Amino acid sequence: MKIGVTFPQNEFGGDPGAIKAFAQTIEGLGFRSLLAYDHVLSADSRVRPGWKGSYDHTDPFHEIFVLFGYLAALTETVELVTGVLILPQRQTALVAKQAAEVDILSNGRMRLGVGVGWNEVEYDGLGMDFRTRGARSEEQIALLRRLWTEEPFSFEGRWDSIDRAGIVPLPVQRPIPVWIGGYVEATLERVGRIGNGYFPSGSVKPDADGRAMIERLRGYATAASRNPDEIGVHVQLPVGSGTPDDWRARADGWRELGVSDISVNTMRSGFTTPAQHLAAIERAAAVLIDGR
């Protein structure tokens with residue numbers, strides 16, 4: 001089981017030196033991946049009574065491909081993971097180009113996690129249709145994989161059209177792994193059918209519900225004539241509260257269920273500075289990586 005870190009970007013600020021120190025510190029501690037969330041537009045909740053979104057205009061987000069291009073030059077081993085990129089609100093060919101570039105600059109360390117999102121305001125601002133996002137994401141995933149592996153080709157889909165064209169240069173990984181995140185059963189079925197891995201809700205635990213989720217995923221993969229063992233699962237482990245014994249027990253529970261990846265997460269723990277986030281991550285490393 002690979003242990004990584006979730007970048008707490010909406011609580012971290014915009015100091016590039018602090019971002020550099022964060023990435024290099026977690027790599028030095030032995031963490032295997034750095035996962036970052038994605039949003040382009042932040043809705044103003046002050047003019048939307050009853051706003052129920054997870055984030056609003058007060059939450060900052062770095063543009064994820066630019067961030068990873070920066071981190072590709074500052075790190076050597078840590079995997080760069082979008083967890084998740086809101087795919088259907090973007091142009092497919094541009095995503096393929098940007099992800100390929102990060103993969104090249106990082107020497108094959110890009111993992112593209114995608115999802116369909118929840119923020120209709122963001123879709124409207126980017127000129128995309130919120131209502132068709134699930135179906136469109138499936139067409140996009142198929143097209144991304146072709147763009148990452150083929151010389152110029154033609155494609156005619158419901159949403160995208162390519163006439164004898166392709167991206168140059170191609171990525172190191174051909175294709176880049178595409179993992180899928182989401183909370184509804186349709187997402188779980190989609191992962192079993194076409195995904196390389198799954199990002200479940202951050203609140204899921206290695207209990208009876210977590211076991212049932214993994215069993216359903218494996219069932220969907222089997223129904224699609226795929227090997228369930230080849231589909232990863234990447235979960236979150238909150239370490240901003242609780243004890244080292246709590247963290248170890250949860251990690252052991254996920255390991256027993258066959259989870260492939262864990263990201264330690266310090267978000268929403270009351271931390272106000274990068275140093276506080278890093279201190280918590282260092283404590284987690286001592287337990288989960290060093291074994292103390």
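Below, the figures for the structure above:
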quantity: Cα→Cβ-extended label distance, 7 Å offset, between THR273 and GLU76, nm; calculated: 3.0
quantity: Phi-based couplings in Hz for the stretch 171-184 (Karplus 6.51, -1.76, 1.60; Gly and Pro marked x); calculated: x, 5, 8, 10, x, 5, x, 10, 9, 10, x, x, 10, 9
quantity: Gap separating the Cα centres of the stretch 271-292 and the stretch 183-198, nearest whole Å; calculated: 31
quantity: Per residue, in Å², the accessible surface of the stretch 1-68 once ligands and nucleic acids are set aside, probe 1.4 Å; calculated: 44
quantity: Crossing angle, helix 16-28 versus the chain [Cα axis fit, 0-90 degrees, rounded to tens]; calculated: 70
quantity: Percent antiparallel among DSSP beta bridges (both partners in the chain, rounded to 5); calculated: 10
quantity: Cα long-axis angle, helix 208-223 against the chain (0 to 90 degrees, to the nearest 10); calculated: 30
quantity: Where labels lie 7 Å past Cα in the beta-carbon direction, separation of ARG146 and TYR183 in nm; calculated: 3.4
quantity: Local net charge near PHE130, Cβ-Cβ under 12 Å (Lys/Arg +1, Asp/Glu -1); calculated: -1
quantity: Fraction of accessible area attributable to carbon and sulfur, the chain (%, probe 1.4 Å); calculated: 50
quantity: Prolate/oblate/rounded label for the chain (Cα gyration tensor, a/c 1.5); calculated: rounded
quantity: Whole-number accessible area per residue in Å² for the stretch 210-292, which is evaluated in the context of all protein chains at 1.4 Å; calculated: 49
quantity: For the stretch 1-72: rounded, prolate or oblate by the Cα gyration tensor [a/c cutoff 1.5]; calculated: prolate
quantity: Estimated 222 nm signal from helices in the chain, with DSSP H stretches of n ≥ 4 weighted -39500 (n - 2.57), rounded to 500; calculated: -12000 deg cm²/dmol
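The values are calculated or read from the model by the stated rules, or taken from the named source; none is laboratory data. Here the structure is a predicted model, which means the values were calculated and not measured. In this analysis, Cβ positions are derived from the backbone assuming ideal geometry, glycine residues included, and neighbour counts consider all displayed protein chains. Side chains are part of the model used for accessible areas, which takes the heavy atoms of the whole protein and leaves out ligands, DNA and RNA. Shrake-Rupley method; radii C 1.70, N 1.55, O 1.52, S 1.80 Å.
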